[in-house]
Amino acid sequence: MTLELLTLIAVSVACDVFGQTFFKLGALGVGKSSIVPPSLWVAIGLVVYVVEIFVWLGVLAIAPLTVAAPIASLNYIGVMLVSRWLFSERITRRQWAGAGIVMLGVIAVALTGG
Amino acid sequence: MAKKPDDALRGAPRSESLLWTIFIAFATATQLAFKWAGSDLEGQEFGLGFVVAALAKPSVWTAIVGYATMFMLWINILRRVPLSRAFVMTAIVYVPVTIGAWLIFDEQISALRGIGIAAIIVGVVLINSETSGREAS
């Protein structure tokens, strides 16, 4: 797996996690009384998703779908961590186990190249 | 859980399985369309030129339209289906996507890759198994 591919996948996963985080901030109405209206979070989230479309195309211009799509499931772990650190949501042991299993699966798929 | 208008739909398995079928078929088609678009851009260095080249490809627009439609479909599903079950759908999509990529793009699925994908499906279901549907909406 080349550095370019790894970078593109990392950026794509980051876009996904940031996009969801911005949507959550919008849904929570963060900044209602300040200069950042909640709808701005949603707008930023949408922009991030548009950027992600092209990054993802960059990934698929290089890698097979059966390598790229499974690795992109790292976004579930990213969203889980953000929920924990930023939104103080409780993560159960079963969820941590799930994250570990996803991680093992991603490593296995990444080892098969791309 | 209090009965709300949306909960009535939850009790209707026929409409939910229809939703599942539509979502899984659509999500699979969209992912395959993205791969089609990606292979259309093979060899193209990533950057501004890549984006310009991408916007000129019908395959890219097919994928984008599929993506936008899926986004709206997903929001609709979240209104009718509990979140933990909705995420089972997204995990299951890996199966037809893998089969589709093998059939259409001739991608080879080694044992290790197959096991990895199966593990990811299990892991994704576990991660999302304890989310309450109320939190998301």
Given the condition surrounded by fewer than 17 Cβ atoms within 10 Å (Cβ to Cβ) and within 13 Å of the chain's Cα centre (by Cα), answer yes or no: does some residue in region A:19-26 qualify? no
Would you check which residues across region A:75-89 are facing chain B (nearest Cβ under 7 Å) and within 30 Å of residue B:106 (Cβ to Cβ) and list them? A:76
Quick one: in region A:79-89, which of the residues that are touching a helix residue (DSSP H, G or I) at 6+ places or on another chain (Cβ under 8 Å) and either at pLDDT 95 or above or outside any helix (DSSP H, G or I) (or both) is surrounded by the most Cβ atoms within 10 Å (Cβ to Cβ)? A:89
Yes/no for residue A:67 being closer than 18 Å to residue B:93 by Cβ and modelled with pLDDT of 90 or more: yes
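To keep it simple, each residue is scored yes or no on (1) touching a Gly at 6+ places or on another chain (Cβ under 6 Å); (2) facing another protein chain (nearest Cβ under 8 Å).
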site: A:26; (1), (2): no, no
site: A:31; (1), (2): no, no
site: A:39; (1), (2): no, no
site: A:43; (1), (2): no, no
site: A:57; (1), (2): yes, yes
site: A:66; (1), (2): no, yes
site: A:73; (1), (2): no, yes
site: A:91; (1), (2): no, no
Candidates B:88, B:60, filtered to the one that is facing chain A (nearest Cβ under 7 Å) and either in contact with a strand residue (DSSP E or B) (Cβ under 8 Å, 6 or more places away or on another chain) or at pLDDT 85 or above (or both): B:60
Within region A:93-103, residues being surrounded by 15 or more Cβ atoms within 10 Å (Cβ to Cβ) and either at the interface with chain B (Cβ under 7 Å from one of its Cβ atoms) or not in a helix (DSSP H, G or I) (or both) number 5
Checked region B:110-137 for anything at pLDDT 95 or above and either in a loop (DSSP other than H, G, I, E, B) or of a type in the set (Phe, Trp, Tyr) (or both); matches are B:110
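The values are calculated or read from the model by the stated rules, or taken from the named source; none is laboratory data. The shown structure was predicted, so the numbers you read here are calculated from the model rather than taken from an experiment. Neighbour counts run over all protein chains shown; Cβ positions are idealised from the backbone, glycine included.
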